[in-house]
Amino acid sequence: MAKTYDYLFKLLLIGDSGVGKTSILFRFSEDAFNISFISTIGIDFKIRTIDLDGKKVKLQIWDTAGQERFRTITTAYYRGSMGIMLVYDVTNEKSFENIKNWIRNIEENASADVEKMILGNKCDLDSKRQVSKERGEQLAIEYQIKFVETSAKDSLNVEYAFYTLARDIKAKMEKKQEASNPPGGRSGAHQLKANEPQRKPTSWLSRCSVL
Amino acid sequence: MSEVENKEGPAEEEQKDYVQDGRNKYVVKCKFCGSKMLDKKSGKYMEAEKELPLMRQDNNRKEGEIQSETIKEFYHVENMYTFENIGFTHTVANHKYLSCADCDAGPVGYYDMDTKHSYVAISRIVHS
């Protein structure tokens, strides 16, 4: 069967234990009488299909929960990954400080041009907050990585974060493609027309502020 | 699975209004939240008898017991990237179970680690 999508991106969720990586991927809530079979086993990865500027993009999103106790994620997880969400918990100072260690781990193991984004999760728990939004922004500037605060519990900015990361990967790939197929070169190359109107992102996404 | 493969194909078309040319005629969605799992015509209809754990396990069941039922109709999906939205659980006895990517309801089917093929239980999804 013919390929039914334009791009396939492998994404990873990385960060200390307990920062809510699994909640970002997994939303099920238990009821009092039954236990869900799925939540007992846990999710390894999800496939999601999104539309990015008219292109059909498949995201394969991996949770690394359970691995992080080794302080590093094994190279196997990094293999082929094109985007990484670095997650910390705004109510846990240590998890924020460890973002630097995770970045070092990525630099040592992942492909050099992997796209990254920092997520300050649990921003709904304002009374317990230990890390200000400004400090998150500052760290992001330091590493020149995009940043957004999220609440997996309230589904705040989670979808936005995935769209943003995916869009950055796509832009990088198209730039590479362009470099290897310069305009006016061989015919048949996939070239973006300069006058092609850019699609506006979904309305609620545009309201979020990021760096 | 050879016996299973034999039953694939357009032979069932006459009896099942949701099957056309041996494939799903309609979009496959989650029963609970409507999340789109498969596009039209992207799964091959097949009949096979396979035990699948119940979506909800009784809290009073015996320890270690898994309550399951026999599923008889599936959509066979050869490439996992054919799915629009789907979750894969950790591996249990050479299977990964499939779940809704949006509300995590499941298992809605299973993924075979040997063949790398997926099987969606028709009784656990809705067509639209």
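Worth a mention:
- Spin-label pair B:GLU69-A:ARG79: with each label point 7 Å from Cα along the Cα-Cβ axis, the two points sit 3.9 nm from one another.
- Spacing of the two label points (7 Å from each Cα toward its C-beta) at B:LYS25 and A:ARG129, in nm: 5.5
- Taken about its Cα centre, chain B carries a charge dipole of roughly 440 debye when the Cβ of each Lys and Arg holds +1 and the Cβ of each Asp and Glu holds -1.
- Take each residue in B:34-46, count the other chain C-beta atoms within 10 Å of its C-beta, and the mean is 1.
- Shielding by other protein chains, B:82-95, mean Cβ within 10 Å: 5
- Each residue of segment A:70-180 gets 109 Å³ once the volume of the Cα convex hull is shared out per residue.
- Using a Förster distance of 25 Å, the FRET efficiency for B:ASN79-B:LYS16 (Cβ separation, nearest 0.05): 0.60
- About its Cα centre, segment B:57-109 has a charge dipole of approximately 160 debye under the convention of +1 per Lys or Arg Cβ and -1 per Asp or Glu Cβ, with nothing else charged.
- Highest mean packing comes first when the peptides A:104-111, B:78-85, B:55-62, A:11-18 are listed by Cβ atoms within 10 Å, giving A:11-18, B:78-85, A:104-111, B:55-62.
- Two-decimal log10 I(q)/I(0) for chain B, as the Debye equation yields it once each C-alpha is a single scatterer, q = 0.10, 0.12, 0.21 Å⁻¹: -0.30, -0.43, -1.28
- Across peptide B:51-59, the mean count of Cβ atoms from other chains lying within 10 Å of each residue's own Cβ comes to 4.
- Across the cross-link table entries A:LYS10/B:LYS96; A:LYS122/A:LYS176; A:LYS3/A:LYS122; A:LYS21/A:LYS128; A:LYS94/A:LYS133, which are compared at the Cα atoms, the separations over 27 Å belong to A:LYS122/A:LYS176; A:LYS3/A:LYS122.
- The reciprocal of the average 1/r between distinct C-alpha atoms defines the Kirkwood hydrodynamic radius, which for segment A:73-126 equals 11.9 Å.
- For peptides B:64-76, A:120-132, sequence by mean Cβ density within 10 Å, most packed first: A:120-132, B:64-76
Quick note: the coordinates plus some simple rules give every number you see, no bench work behind them. What you see is a predicted model, and the numbers here were worked out from it, not measured in a lab. Glycine gets a Cβ as well: all are built from the backbone with ideal geometry, and neighbour counts include every protein chain shown.
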